[in-house]
Amino acid sequence: MALVGLMSQKKYKKKGADPMSTLKALALGSYSEVKYHPFAGGNREIEQILANDLQVHSSEDYGLLNKETLSDYKLVISYTEFSDDKIPAEQSGELLSYVAGGGGLLVVHNGISLQRNQELGALLGAHFTHHPEFTALQMSIPAREHPIMQGIEEFVIEDEPYYFEMHPYFETTVLAEYPHEGAMRQAAWCHEFGLGRVVYLMPGHHLPSFSVEPFRQMIRRGGLWAAGLL
């Protein structure tokens, strides 16, 4: 992967660079039908965090999950809202194929709502069950040597403590965790899926979460790792 990352970094967008060489990411969230997590504001934070590495296009249009469109992107970012309506099978299948074929997927906070399609739930490596009340969370780093977490120290963030059921027999690396109600809870993880990579980051409930520097680093490094650039 180091060689791939080295070669890909040469294509990063630079001042005066050929626009055709710009690496792109697609970020999906909700603007119009929002229950809990509006993408407005958060989209700009994600775009800014990745600005030196990837040009991020933000949208709420699931129709962009098609083979032709996805071929233009190194990374898909999910901040999709919770919903009782499944993503159409054609679009869900294209996202699965994209990742399995070598694409990257970065899932932030409520983006795990993709689990409403069981096939995408399998891709994510865990199932969100519920969350207790919003509170300050002490994040520890059990995978300090992983490329995503290198240089990131323990930190505190005020956010929703999501609870998950990790999929059995699914190999994943827990990147961050926090103590809550007598147990350590997973807060971030990553794994390979076919030829692609998946990263999940639990924080991100509201805009102040995106101002916490260690979390910003996790978004950037997690996105680059998922895209095969780290």
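The values are calculated or read from the model by the stated rules, or taken from the named source; none is laboratory data. On a predicted model such as this, the values are computed, not experimentally measured, just so you know. Note that each Cβ is placed from the backbone with ideal geometry, even for glycine, and that neighbours are counted across all protein chains shown. Protein only, heavy atoms only, side chains kept; ligands, DNA and RNA dropped before computing areas. Shrake-Rupley method; radii C 1.70, N 1.55, O 1.52, S 1.80 Å.
Only one of the numbered conditions (1) under 30 Å from residue 85 (Cβ atoms); (2) in contact (Cβ under 8 Å) with a residue 12 or more places away in the chain; (3) not in a loop (DSSP other than H, G, I, E, B) is violated by residue 221, and that is (1).
Restricting segment 98-121 to residues that are of a type in the set (A, V, I, L, M) and within 21 Å of residue 67 (Cβ to Cβ) leaves a set whose member that is farthest from the chain's Cα centre (by Cα) is 100. Within segment 92-151, the set of residues being part of a loop (DSSP other than H, G, I, E, B), among the β-branched types (Val, Ile, Thr) and without any contact (Cβ under 8 Å) to a residue 40 or more places away in the chain comprises just one member, 141. One residue is enough: does segment 138-157 have a residue meeting the conditions under 30 Å from residue 90 (Cβ atoms), open to solvent by 10 Å² or more (accessible area, probe 1.4 Å) and in contact with a strand residue (DSSP E or B) (Cβ under 8 Å, 6 or more places away or on another chain)? No, because not a single residue in segment 138-157 is under 30 Å from residue 90 (Cβ atoms), open to solvent by 10 Å² or more (accessible area, probe 1.4 Å) and in contact with a strand residue (DSSP E or B) (Cβ under 8 Å, 6 or more places away or on another chain). How about segment 60-88: which of its residues are modelled with pLDDT of 95 or more, of a type in the set (S, T, N, Q) and either open to solvent by 20 Å² or more (accessible area, probe 1.4 Å) or farther than 23 Å from residue 38 by Cβ (or both)? Scanning segment 60-88 gives 66, 69, 71.
For segment 162-174: of the residues being open to solvent by less than 50 Å² (accessible area, probe 1.4 Å) and in a strand (DSSP E or B), which is farthest from residue 36 (Cα to Cα)? Looking at the filtered set, the residue picked out is 174.
Checking the structure you have, find out if any residue of segment 163-173 is touching a residue at least 24 places away in the same chain (Cβ under 8 Å) and under 14 Å from the mean Cα position of the chain (by Cα). Let's see the steps before the verdict.
The first filter runs over segment 163-173 and keeps only residues touching a residue at least 24 places away in the same chain (Cβ under 8 Å), leaving 163-167, 170, 172-173.
Now restrict to residues that are under 14 Å from the mean Cα position of the chain (by Cα): none.
No, segment 163-173 has no match at all.
Please give the number of the condition residue 33 fails out of (1) modelled with pLDDT of 95 or more; (2) surrounded by fewer than 13 Cβ atoms within 10 Å (Cβ to Cβ); (3) outside any helix (DSSP H, G or I). Here residue 33 clears every test but (1).
Within segment 175-230, the set of residues being open to solvent by 10 Å² or more (accessible area, probe 1.4 Å), in contact with a strand residue (DSSP E or B) (Cβ under 6 Å, 6 or more places away or on another chain) and among the aliphatic types (A, V, I, L, M) comprises 184, 212. Scan segment 119-168 for residues that are of a type outside the set (D, E, K, R) and closer than 21 Å to residue 30 by Cβ and the total you get is 10.
Of note, residue 63 does not satisfy the criterion of being small (Gly, Ala, Ser) and touching a Gly at 6+ places or on another chain (Cβ under 7 Å).
May I ask you to list the residues in segment 46-56 that are closer than 19 Å to residue 196 by Cβ and outside any loop (DSSP other than H, G, I, E, B)?
56
The single residue among 91, 48 that is more than 16 Å from residue 225 (Cα to Cα), of a type in the set (S, T, N, Q), in contact with a Phe, Trp or Tyr (Cβ under 6 Å, 6 or more places away or on another chain) and surrounded by fewer than 23 Cβ atoms within 10 Å (Cβ to Cβ) turns out to be 91. If a residue has to be at pLDDT below 75 and either open to solvent by 20 Å² or more (accessible area, probe 1.4 Å) or not in a helix (DSSP H, G or I) (or both) to count, how many in segment 2-30 make the cut? Total satisfying the criteria: 18.
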